Structure formats: structure tokens, C-alpha cells
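The structure appears below as C-alpha cells.
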């Protein structure tokens, strides 16, 4: 009998971050993450692959519509609708319209977005710190911390108590918005002083291991994994049109005008529209609905003809 090939990894992340994290932490069951700058609950998301496998964590997402989707799609997570920085207080978020991944607290980057035709709206929001988040929500062991906050990563890292709260792995977006210049020097000294070592640069992020976890570095490839080594959610077309999409059968049962709202619809609105074998509050159903919605709710920005 011929052995079947192992199924390919199904990545939700922008740059295979979830795949590389799975190599480092594949032996961990029902672990814990902190995702600062969560973005869309599914599309280009670093932590959702782990959530599907029973993990839970803290998600910091200041954009209200996106935070609402987290609460429905990922109820095991503690969703914190705030900014994260060096000190508790308040700050202005320049929230990008449509291109939510470009929202930033750095005025320079907001101005660059405006010059490129991306409008932003200023919102004053509360700021918390990593130390405060961990004290309120984290268990004793934190498996990974991911930070993607469009230029304010150093400020987020400065707000942790690295003696008390030590994620095994830290993943930090390391290039500047728009220019893509390496700006690791802005934040690397904080992690180096805390006893972390840089073990991988994937072209977008730097992966750091705590000194006490350095044996895990041998699990990583010498070079970043090629893009085509795994499957990607973003490679599928709109779910109601692409018969190969994993949620095509469910998507075709909805009015196309509703597809962009599926991730944030309440159970009473969903129930009459779902097949009998799909409970509106089951995590599997919510995940499928969120995957369907990605092409229409800003998860992936596409121009529909």
C-alpha cells in the first residue's frame, strides 16, 4: 500500500509566521499567545492557526469592528480593544479606512498613507501595557508574543516586565511601513537586554527565542521556508465562486450581499440562514463564516467586478 502524502500546512498568516511558529512550538498542546495588533481575526492572522488547535490568548486590537469579530469568532481569546505601549494612558490611533492593516499611532506613517491615497481617521484610545495585560490575563507560561503595530513595536516591548513575563518566542515586525527598511535597531536592544536571541528573519519579521528556550532554534530552517511549501487561505478566490475553497458549500447558501457581514452576525440572525448541521455559535461554523467573509470585509482587499 502506498503511503498518502502528509497534508500540506494551511497557513492563515501573511508571511508564513504561523508555519515557522509551528516548527518552534509544535510540541505544545493548548498553548497561550499574545497577539498585539491582531488585525483581521482570520486573514493574514498569525495566531488563528493555533486557536483552531485549542490554544487561546490575549488579542490587542483597537479597531472596534475588528475587535467585535474576534469576540464572535474567537471567544476563548481575551480581546482587548485598546492600544498597547510603554505606559498606561491615552494615545491617538490613525485608523485607516478599508486598509485596516495600515492603521498606526505613528503620525509619519499615517501621513505616508495619506500621500498614497489611504484616508485615516484620528481616534483617541486608551493605552495599556504588556505587563498590565499579562498580569490580568496570562497564565504562568506564555508560548509566543507577536507584535505588528506599524512602527510602534519598540514602545510595546518597553511596556513589559521581562523578568516576570517571558514568552518563549517573540515575533516582531521588523521593517518600516512603506519603505520596508529594516528597523530592528529600534527594538532589538530591549530584547537583547532581556536575554532573547534573534534566530530568524523572514524578510518581514524577526523571531526571537528566550535564552532558556534556545534549544528550539534547531527546529527552524536555515533560510525562511519558501512561500509555495504550504497552502494559503489568501490563494483562494471568493468562497461562493471558487469551488475549491474549503467553505464553498456553505458560502453558496448565502445571499452574496451578506458575505461581508458573516463574521459579525449574531446567532439569531445567522440561525435561519445556516444548514441544519451548522450551529451558529459553534467554533467551526464561526471559523468557516470568517473565512468566507475575508474577501468582502477587508480581510483581503480585492476589487470585485
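The values are calculated or read from the model by the stated rules, or taken from the named source; none is laboratory data. Nothing here was measured: the structure is a model prediction, and the numbers come from that model. Cβ sites come from the backbone with ideal geometry, for glycine too, and all protein chains shown count toward neighbours.
Inside the stretch 115-157, residues that are outside the structural domain of residue 33 (by TED's automatic domain parsing), outside any helix (DSSP H, G or I) and under 21 Å from residue 181 (Cβ atoms) make up a count of 2. Here the stretch 104-131 is the region considered, the condition is being more than 30 Å from residue 194 (Cα to Cα) and out of contact with any strand residue (DSSP E or B) (no Cβ under 8 Å at 6 or more places or on another chain), and the residue that is surrounded by the most Cβ atoms within 10 Å (Cβ to Cβ) is 112.
Screening residue 161 with (1) over 27 Å from residue 76 (Cα atoms); (2) in contact with a helix residue (DSSP H, G or I) (Cβ under 6 Å, 6 or more places away or on another chain); (3) surrounded by fewer than 21 Cβ atoms within 10 Å (Cβ to Cβ) gives one miss only, at (1). Restricting to the stretch 57-83, name every residue that is farther than 22 Å from residue 127 by Cα and either not in a loop (DSSP other than H, G, I, E, B) or not assigned by TED's automatic domain parsing to the domain that holds residue 214 (or both). Selection gives 72, 73.
Test residue 185 against the criterion of being within 30 Å of residue 111 (Cβ to Cβ) and not in a strand (DSSP E or B), and give yes or no.
Criteria met by residue 185.
For residue 239, the requirement of being assigned to a loop (DSSP other than H, G, I, E, B), in contact (Cβ under 8 Å) with a residue 24 or more places away in the chain, touching a helix residue (DSSP H, G or I) at 6+ places or on another chain (Cβ under 9 Å) and surrounded by 19 or more Cβ atoms within 10 Å (Cβ to Cβ) is met.
Reported count of residues in the stretch 46-85, each being over 13 Å from residue 133 (Cβ atoms) and surrounded by fewer than 19 Cβ atoms within 10 Å (Cβ to Cβ), is 10. In a residue-by-residue description of the stretch 210-217, the property of being within 27 Å of residue 98 (Cβ to Cβ) and either part of a helix (DSSP H, G or I) or more than 22 Å from the chain's Cα centre (by Cα) (or both) applies to no position. The numbered conditions (1) more than 23 Å from residue 174 (Cα to Cα); (2) at pLDDT 95 or above; (3) surrounded by 15 or more Cβ atoms within 10 Å (Cβ to Cβ) are all true for residue 263 except (2).
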